[in-house]
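Novice: Quick one: structure below, then a few questions.
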Amino acid sequence: MLKTDVVVIGAGAVGCAIARELSKYEINVIVVDKNDDVGGDASKSNSAIIHTGYDAAPGTLESQLVVAANPMYDEVVKDLDVPFARIGAILPAITQEQYDQLPAIKEKAFRNHVYDVEFKTGEELLAMEPNLNPEVKGGLWIPRESIIDPFILVQALAENANANGVEFLLNTKVTGIKTENGKVKSVETTSGEIETTYVINAAGLYCDEIAEMVGKADYKVVARKGQFYILDKNTSCQVEHIVLPIPTKVTKGKLMCPTIHGNMLVGPTAEDQESKEDKSTSTEGLNSIAADVRNLVPNVNLRETITQYSGLRPNRNPEGLHFDMYDDLQGYVNLSGVRSTGLTLSLSMGKYVVQQLQYHGLEMTFKKNFIKERKGVVKFSECTLEEQEKLIQENPLYGNIICRCETITEAEILDAIHRPLGAKSMDAVKRRVRAGMGRCQGGFCGPKVLEILAREWQCDASEINKNVAGSYMVTGVTRR
Amino acid sequence: MFEINCDVVIIGGGPAGLAAAIGAKEEGAEKVLIIERDNALGGILQQCIHPGFGLTRFKEELTGPEFYGKFVDRAKELGVEYMLNSMVLSVDHENSQVICVSSEKGMTCVHAGSIVLAMGCRERTRANIVTPGTRPAGLYTAGAAQRLVNRQNIMVGKKVVILGSGDIGMIMARRMSLEGAKVVCVVELMSYLAGLTRNRVQCLDDFGIPLKLAHTITRIEGNERVTGVWVAPVDENKVPIKEQEEFIECDTVLFSVGLLPENELTRKAGIAINPITNGPEVNQYMQTSVPGVFACGNVVHVNDLADNVSEESARAGKYAAQYAMKKLPTSTGTVTCVTGRNVRYLCPQKIQKAEGSEKVSLYFRVLNPELGVKLVAKCGDEIIAQKKAFRVNPGEMDHIAVDTAKLTTDAITVEVVKED
């Protein structure tokens, strides 16, 4: 039987951030996840924004963690080589009614300790963002709202945790949690039983199912679907900041912003649903995005879309972000309601969980040889001519462009496959190096990436999945 | 950095690039270089193993590889040079050079007297047409599936629905059937066929594959692999009629929903792009808005037939060679070509007038199918060319030839007129 100190269930942003935080100490940690790649579910399909917490409910744990997390990013993205930019958000008021709401929004930001929110006039906003609705009356400027590559963030946290000794059991489903005398004893998984003192339930969408295993499911996860458009990098109407709508009572609304790689992201919807599996897009949902975002950016051209997707926010009923430990079940930590702000607060949640474990008796000794830094895949397309020449001299595979749209080389794809916790599926390659994420959506590079994956993993192409088990790409060979 | 000098450099070694290279050589250019990103010449025709090529050009029916093979032979005979596995990263027309990269030579700068763009096109995707539903494995563009089947000998699925009646879609319907897959149906949004009629007969009818015109896929189902699609008829505004939606089980969906000229390099170089064709604007010499840069084939506008591509590209090569040798005719004025009734676009978009007389073919596509019509070219109010057409169809390109001696300074209008 495997033996460890802490089992983290879920390799999404929160699970991986907790694992990395724990890896700073002399503690044995195992992360388990049902998927064959780190990155979770909600963590990989969201708006990729690092929030400030200006609009959180003041005084809540969520407010506290988001506000604490935002400033942590500057150092972490540098240490872990994660694409990130502090582009700031604007909140334009188009109608008088919206304009009248601005003081209250600013005051709420203040109560959340987000002091740097500023008022801007309509002219100032149009100067900053020329494609904004010209009827804008004024608005708020939230300078520290930022954008990030959410895939790389989670991979980087996981890779770095792994480099510091954390073990990852992927393709591993938790089937039960054994307790004894009011204490956690072990976690049963499809890869065997793991004896452990602590279990952290960071299972996101499925956290209520894990809680059920220990009789602590006093809540239900409610999946809240968000549909998005991604637009071509060449789209005619672009924005340079995160353009947020003034929230209504019903919804936070749909936004438009650049992604860290220069596409435009438009969305999301907010649709509560029963199913935790249904990540389909719908005509109604996509049309509602078009209607709403045109209020903010009238000329947004959704015909220049290169993909649409939807993600599920693990909301909870009763609502709110919850951190729970129990007197009658020592060693069990339950995280629930980690929703839209989950990506942002993953870093502070890591710290929070570790501190709580210390309060609850986990012995914490700093690791002397903690490796702080992680290097990402070298991006050929972002190098100077001289650097490119040098790369090819050292490794000729940098001269072989596989993905035309994003200019991704074979060397980068091999790095994605062979680095720790490397890519096994098509989507895992795509989320590491962006091959197939451009305008042709893998039409050209897909067949080549499939060939490379099969070659490198020494298997048949029919064994390569798009992402999860059962998502086989091809069925076999042609008639000979 | 590795440096190369040549008279004409051609980006792309498919049917367009090969014909342009031959055209340039035959016109007298000394050093002609093709830069090709694949590991062999031939472009997309390498995976087009079906017959149907060469009927116009060679008066015989050839497969894709047989067709381009003739061009490769001729190019080699003429001493055309080529670099394989080499990807062009940028076109710098101000300095008349292109930067490309390969494993073998690293970063390479090619200086040329003129540049020919022959990058071809790419396929529109499921995302471009915003088909709702899930994102499982088993969704392919028809061309990607064709590459896997014909070049990598890999089967993509067993039970297939094809969206779009473009030529590649229909050809893949036949190909998948021959490989033992069940092609359930081909679904087409428009009320008419998108591709060539002969392909409908040879690829669908002969294999008993139903064609559902004025239908579309309204939703894709399946979380891991495709489990099926919902298909509905559409009304006259192309809006699906929900009540008549039916579920069709399948494990694979192929999208054959149009092609887009691949003009990333062109755009980056600041060359004018036509919003309808999505390709560079050209004159009859296939010269773009930048004098030293020429373009031909599907990068300019999507053709139905490789034969047409070869004709147009030979011309681009010829004039690119003349430009490099400083022999391109001196322009005595520019005439614009405009679309008239039932004409979607025209190519070339401009005609350079010069000394003497020259026959220029204006290629165009219609907006809507029509029977019993006349194709008319006017310069101002003067009819300068006309011909009868039994049938016009958006899926089949038409052309009309005009004599440059008949041009005034007025614009040329091409229109489709109903015969009385």
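Each reported figure results from applying straightforward, stated rules to the coordinates on display, with no laboratory input. Worth saying up front: this structure is predicted, and the values here are computed from it rather than measured. All Cβ positions, even for glycine, are placed from backbone atoms using ideal geometry, and neighbour counts span all protein chains on display.
Novice: Sorted by mean Cβ packing within 10 Å, highest first, what order do the peptides A:448-454, A:88-94, B:378-384 take?
Specialist: The peptides rank, most packed first, as A:88-94, A:448-454, B:378-384.
Novice: Return the unpartnered cysteines for chain A, using a Cβ-Cβ cut-off of under 4.7 Å.
Specialist: If one checks each Cβ against the other cysteines of chain A, A:C16, A:C207, A:C237, A:C257, A:C383, A:C405, A:C440, A:C459 turn up with nothing under 4.7 Å.
Novice: Taking H placed 1.01 Å from N in the peptide plane, check which residues at least 5 places from B:I384 or on another chain put their amide H under 5 Å from its amide H.
Specialist: Sorted by chain and number, the residues that satisfy this are B:A377, B:K378, B:C379.
Novice: Next up: I want the antiparallel fraction of DSSP beta bridges within the stretch B:125-257, as a percent rounded to 5.
Specialist: If I count the DSSP bridges inside the stretch B:125-257, around 40 percent turn out antiparallel.
Novice: Moving on to the next point. List the relative contact order of the stretch A:17-121 as a percent without decimals, with contacts defined as Cα pairs under 8 Å and 6+ residues apart.
Specialist: Relative contact order for the stretch A:17-121 comes out at 31 percent.
Novice: Sort B:263-272, A:408-417, B:98-107 by the packing proxy (mean of other Cβ within 10 Å over each peptide's residues), most packed first.
Specialist: Result, highest mean Cβ count within 10 Å first: A:408-417, B:98-107, B:263-272.
Novice: Right, next: So, in Å, what gap is there between the alpha-carbon centers of the stretch A:241-271 and the stretch A:359-383?
Specialist: Each part reduced to its Cα centre gives a spacing of 31 Å.
Novice: Kindly put B:H301, B:H93 in sequence by how many other C-beta atoms sit within 10 Å of each C-beta, fewest to most.
Specialist: In order of increasing Cβ crowding within 10 Å: B:H93, B:H301.
Novice: Let me ask another. Using only alpha carbons, build the gyration tensor for the stretch B:1-147 and give me the equivalent ellipsoid semi-axes, biggest first, whole Å.
Specialist: Over the Cα atoms of the stretch B:1-147, the semi-axes work out to 29, 23, 13 Å.
Novice: A follow-up question, please. How much net charge surrounds B:A194 when only the other residues with a Cβ under 14 Å from the Cβ of B:A194 are counted, with Lys and Arg +1 and Asp and Glu -1?
Specialist: Cβ neighbours under 14 Å give a net charge of +2.
Novice: Here is a further query. Mind sorting A:E62, B:E27, B:E243 by how few other Cβ atoms lie within 10 Å of their own Cβ, fewest first?
Specialist: B:E243, B:E27, A:E62
Novice: What nm value, rounded to one decimal, do you get for the distance between B:T330 and A:M1 when each label is placed 7 Å out toward the C-beta?
Specialist: 9.5
Novice: Let me ask something else. Of the cross-linked pairs A:K220/A:K279; A:K448/B:K76; B:K318/B:K350, which ones have a Cα-Cα span greater than 23 Å in the structure shown?
Specialist: A:K448/B:K76
Novice: Something else: Mind checking B:201-212 for the average number of partner chain beta-carbons within 10 Å of each residue's beta-carbon?
Specialist: 0
Novice: Run through all the Cα pairs of chain B and give the fraction in each 20 Å bin from 0, expressed as whole percent.
Specialist: Over chain B, the share of Cα pairs per 20 Å bin runs 25, 54, 20, 0 percent.
Novice: A follow-up question, please. Work out the length of the dipole vector of chain B about its Cα centre, built from +1 on the beta-carbon of each Lys and Arg and -1 on the beta-carbon of each Asp and Glu, and round it to the nearest 20 debye.
Specialist: In total the dipole reaches around 200 debye.
Novice: How many partner chain Cβ atoms sit within 10 Å of a residue's Cβ in peptide B:140-151, on average, as a whole number?
Specialist: Taking the mean over all residues of the peptide, I get 4.
Novice: Antiparallel DSSP bridges in chain B: what percent, to the nearest 5?
Specialist: For chain B, the DSSP antiparallel bridge percentage is about 60.
Novice: Shifting gears a bit: Using only alpha carbon pairs under 8 Å that are at least six residues apart, calculate the relative contact order of chain B and give it in whole percent.
Specialist: 16
Novice: Hand me the trypsin sites (Lys or Arg not before Pro) from the stretch A:228-265 located in a DSSP loop with no more than 13 other Cβ atoms within 10 Å, in residue order please.
Specialist: Passing both the DSSP loop test and the Cβ count: A:K249.
Novice: Right, here's the next one. Go ahead and collect, in residue order, the members of the stretch A:125-169 whose backbone nitrogen is under 18 Å from a label point 7 Å along the Cα-Cβ direction of A:R86.
Specialist: Hits in the stretch A:125-169 for A:R86 at 18 Å: A:141-149.
Novice: Next up: Can you order the peptides B:386-394, B:124-132 by their average number of other Cβ atoms within 10 Å per residue, highest first?
Specialist: Per-residue Cβ counts within 10 Å, averaged per peptide and sorted highest first, yield B:124-132, B:386-394.
Novice: Okay, next question. Average partner chain C-beta neighbours within 10 Å, per residue of A:380-386?
Specialist: 2
Novice: On to the next question. Under 16 Å between alpha carbons, and skipping anything fewer than 8 positions from B:K159 in its own chain: which lysines qualify?
Specialist: Within reach: B:K182.
Novice: Mind sorting A:L385, B:L371 by how few other Cβ atoms lie within 10 Å of their own Cβ, fewest first?
Specialist: Starting with the residue having the fewest Cβ neighbours, the order is B:L371, A:L385.
Novice: Hey, what did the stretch B:331-420 get for relative contact order, percent, Cα under 8 Å, at least 6 apart?
Specialist: 37
Novice: With +1 on the Cβ of every Lys and Arg and -1 on the Cβ of every Asp and Glu, and nothing else charged, how large is the dipole of the stretch B:5-138 about its Cα centre, in debye rounded to the nearest 20?
Specialist: The calculation lands at about 560 debye.
Novice: Let me ask you something else. Too long at a 23 Å Cα-Cα cut-off: which of A:K379/A:K424; A:K216/A:K466; B:K353/B:K374; A:K466/B:K268?
Specialist: The answer is A:K216/A:K466; B:K353/B:K374; A:K466/B:K268.
Novice: Using only Cα atoms, locate the centre of the stretch B:359-420 and the centre of the stretch A:86-151, then give the distance between them in Å, rounded to an integer.
Specialist: About 55 Å separates the Cα centre of the stretch B:359-420 from the one of the stretch A:86-151.
Novice: Let me ask something else about it. Rounded to the nearest 20 Debye, what is the dipole magnitude of the stretch B:177-297 about its Cα centre when Lys and Arg each give +1 and Asp and Glu each give -1 at the C-beta?
Specialist: So the magnitude is around 400 debye.
Novice: Then there is this: Below 17 Å, Cα to Cα, which aspartates and glutamates can B:K327 reach? Residues fewer than 8 away in the same chain don't count.
Specialist: Those aspartates and glutamates meeting the cut-off are B:D7, B:E26, B:E27, B:E30, B:E355, B:E358.
Novice: What does DSSP give for the protein assembly as shown in terms of the percent of beta bridges that are antiparallel, rounded to the nearest 5?
Specialist: 65
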